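Below is one structure; the comments refer to it alone.
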Amino acid sequence: MAPLGRRSRATTRTALYATCAALLFALLDSLTKSAAGRFRADGSGALAHWEPYALLAVGVTALVFSQSAYQAGSLAISLPVIDTLEPIGAVLIGIAVFGEQLASSTWALAVQALGAATAVFGIVLLDRSPLART
C-alpha cells in the first residue's frame with residue numbers, strides 16, 4: 001500500500017498511509033502483548049528473543065506512517081482511518097494469534113457491539129469537527 005501512496009493524489013495518499021499506520025499499530029498491540037509476556041516470564045532474558053526488537057521496529061515504522069498520513073492531507077481523512085482500523089486489526093490479530101475470543105453470550109456480544117458503535121460514533125463526531133479540517 002505504501003508504494004501506491006507515493007504515486008497517488010493527496011487524499012488517496014493520506015488514506016493509504018493511514019491504513020498502513022493503522023495496521024502497523026494493530027500489529028504493535030500484539031507485539032506489546034507478546035513482549036510483555038516474554039519479559040514477565042524471562043525478565044531481562046527477554047532481550048535474547050525477537051519480540052522486543054520487533055516491537056521497536058514496528059513502532060518506529062508505524063509512527064513514520066502515521067506522521068506521513070498527517071502531513072499528506074487533512075486529519076479528517078487520516079485520523080478516522082487510523083482510529084477505526086487499529087482496534088479492529090488488533091482484535092482480529094488477538095483472535096487469530098493469541099486465541100482470544102469475543103464474548104459468547106448474546107448479552108455480552110450486544111454490549112461489545114454497543115461499545116464498538118459508540119467508538120465509531122465518537123470518531124464520526126470528531127471527523128465533523130472544524131478543527132479536523134485545518
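Considering only residues that are among the small types (Gly, Ala, Ser) and in contact with a Leu (Cβ under 7 Å, 6 or more places away or on another chain), look in region 53-69 and name the one that is least open to solvent (accessible area, probe 1.4 Å). Taking the candidates together, the pick is Ala62. The numbered conditions (1) closer than 18 Å to Ala18 by Cβ; (2) open to solvent by 70 Å² or more (accessible area, probe 1.4 Å); (3) modelled with pLDDT of 90 or more are all true for Arg133 except (3). The sole residue among Leu31, Leu27 that is surrounded by 13 or more Cβ atoms within 10 Å (Cβ to Cβ) and without any contact (Cβ under 8 Å) to a residue 40 or more places away in the chain is Leu31. Here is the figure for region 70-79: residues that are among the polar types (S, T, N, Q) and either surrounded by 19 or more Cβ atoms within 10 Å (Cβ to Cβ) or in contact with a helix residue (DSSP H, G or I) (Cβ under 8 Å, 6 or more places away or on another chain) (or both) total 2.
Among Asp83, Asp29, which is of a type in the set (D, E, K, R) and over 23 Å from Leu125 (Cβ atoms)?
One residue alone meets the criteria, Asp29.
Summed over region 35-52, the residues that are touching a residue at least 12 places away in the same chain (Cβ under 8 Å) and either open to solvent by less than 30 Å² (accessible area, probe 1.4 Å) or in contact with a Phe, Trp or Tyr (Cβ under 7 Å, 6 or more places away or on another chain) (or both) give a count of 3. Of all residues in region 80-111, exactly one satisfies the criterion of being open to solvent by 80 Å² or more (accessible area, probe 1.4 Å), under 21 Å from Asp29 (Cβ atoms) and polar (S, T, N, Q), namely Gln101. With respect to the conditions (1) at pLDDT below 95; (2) open to solvent by less than 20 Å² (accessible area, probe 1.4 Å), Ala21 lacks only one, and its number is (1). Which residues, taken from region 53-106, are among the small types (Gly, Ala, Ser), touching a residue at least 40 places away in the same chain (Cβ under 8 Å) and over 27 Å from Thr14 (Cβ atoms)? Across region 53-106, the qualifying residue is only Gly94.
The values are calculated or read from the model by the stated rules, or taken from the named source; none is laboratory data. Remember, predicted model here, so these are calculated numbers, not experimental data. Backbone-built Cβ (ideal geometry, glycine too); neighbour counts: all protein chains shown. The area values use the complete protein model at the heavy-atom level, side chains included, leaving out ligands, DNA and RNA. Shrake-Rupley method; radii C 1.70, N 1.55, O 1.52, S 1.80 Å.
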